[in-house]
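Before any comments, here is the structure.
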Amino acid sequence: KQEVTQIPAALSVPEGENLVLNCSFTDSAIYNLQWFRQDPGKGLTSLLLIQSSQREQTSGRLNASLDKSSGRSTLYIAASQPGDSATYLCAVRGWGAGSYQLTFGKGTKLSVIP
Amino acid sequence: DGGITQSPKYLFRKEGQNVTLSCEQNLNHDAMYWYRQDPGQGLRLIYYSQIVNDFQKGDIAEGYSVSREKKESFPLTVTSAQKNPTAFYLCASSKDWNEAFFGQGTRLTVV
């Protein structure tokens, strides 16, 4: 059964710093991987989707990489801002019969200090 | 605006009562999902549906029921058989197995 781990559970950084969030998964047979942002009491906002054949995706100050063979993905946030404070979730979609299933990590709670 | 609309935002349930959470999407997506989120835990899949009039149980379907009579709508009923229903419920949709989009959630509390 796929398991997704996000370390650290919480991270506090000063404004302007570049930072990396980590996501690891146990089964490398994935269809795609998606990063989300969740603000307190709100739903999930999709940030980036990486297909299994891709190595990275970029959107603005965000860059997500995927190393399927090692079961790892990273989300790089450049020049962090207080508005980036939120919980970041990684989710992996299985392959074949497991493609319906998005398996989530527990998230990394990011605080950007002005 | 295209998106997913969940209602109500807050819902209170008395012991022994069934309640229904609404989820509507105008993204023309075939696949729809219901997830439950509890503090300190990852999202867990309750039910999913790939097409109209078809749906499958997820990891924690006991005490829940769904219907998919229209492509746009995927309501979730929390029955009295669900012993610990207090949680944050999230509905999502996707085109095939690609990017998933989520609603703003419904917070259900047992009173």
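Any read-out appearing in this document is the output of simple, stated calculations on the displayed coordinates, not a laboratory observation. Fair warning: this is a prediction, and the values are worked out from it, not measured in the lab. Every residue, glycine as well, gets a Cβ built from its backbone with ideal geometry; the counts of neighbours run over all protein chains shown.
General observations
- Averaged over the residues of A:50-59, the number of partner chain Cβ atoms lying within 10 Å of the residue Cβ comes to 0.
- Mean separation of Cα contacts under 8 Å, 6 or more apart, over the residue count of chain A: relative contact order %: 37 percent
- Counts of other chain beta carbons within 10 angstrom of each beta carbon in peptide B:94-107 average 5.
- In the structure shown, the pairs B:Lys14/B:Lys95; A:Lys109/B:Lys9; B:Lys9/B:Lys71; A:Lys109/B:Lys70; A:Lys106/B:Lys14; A:Lys42/B:Lys83 are assessed against 31 Å; a Cα-Cα span above that value is assigned to B:Lys14/B:Lys95; A:Lys109/B:Lys70.
- Region B:48-106: C-alpha gyration tensor shape, a/c 1.5 cut-off, then a/b vs b/c: prolate
- q = 0.19, 0.23, 0.27 Å⁻¹, region A:57-108: log10 I(q)/I(0) [Debye, one scatterer per Cα]: -0.80, -1.04, -1.19
- Relative contact order [Cα under 8 Å, 6+ residues apart], region A:1-47, whole percent: 33 percent
- Calculated P(r) tail over 34 Å for the protein assembly as shown, as whole % of Cα pairs: 14 percent
- Zero-based 5 Å bins, Cα pair distances in chain B, whole percents: 2, 13, 25, 27, 19, 10, 4, 1
- The packing ranking, built from the mean of other Cβ atoms within 10 Å per residue, places the peptides A:46-52, B:28-34 in the order B:28-34, A:46-52, highest first.
- Per-residue packing, averaged as other Cβ atoms within 10 Å, sorts the ranges B:70-81, B:8-19, B:41-52 into the order B:41-52, B:70-81, B:8-19, beginning with the highest.
- Taking only the Cα atoms of chain A, the radius of gyration and Dmax are 13.6, 46 Å.
- Positive-end residue, the protein assembly as shown charge dipole about Cα centroid, Cβ charges, pick of B:Gly3, A:Gln81, B:Val66: B:Val66
- Cβ neighbours within 10 Å from other chains - mean over A:37-48: 4
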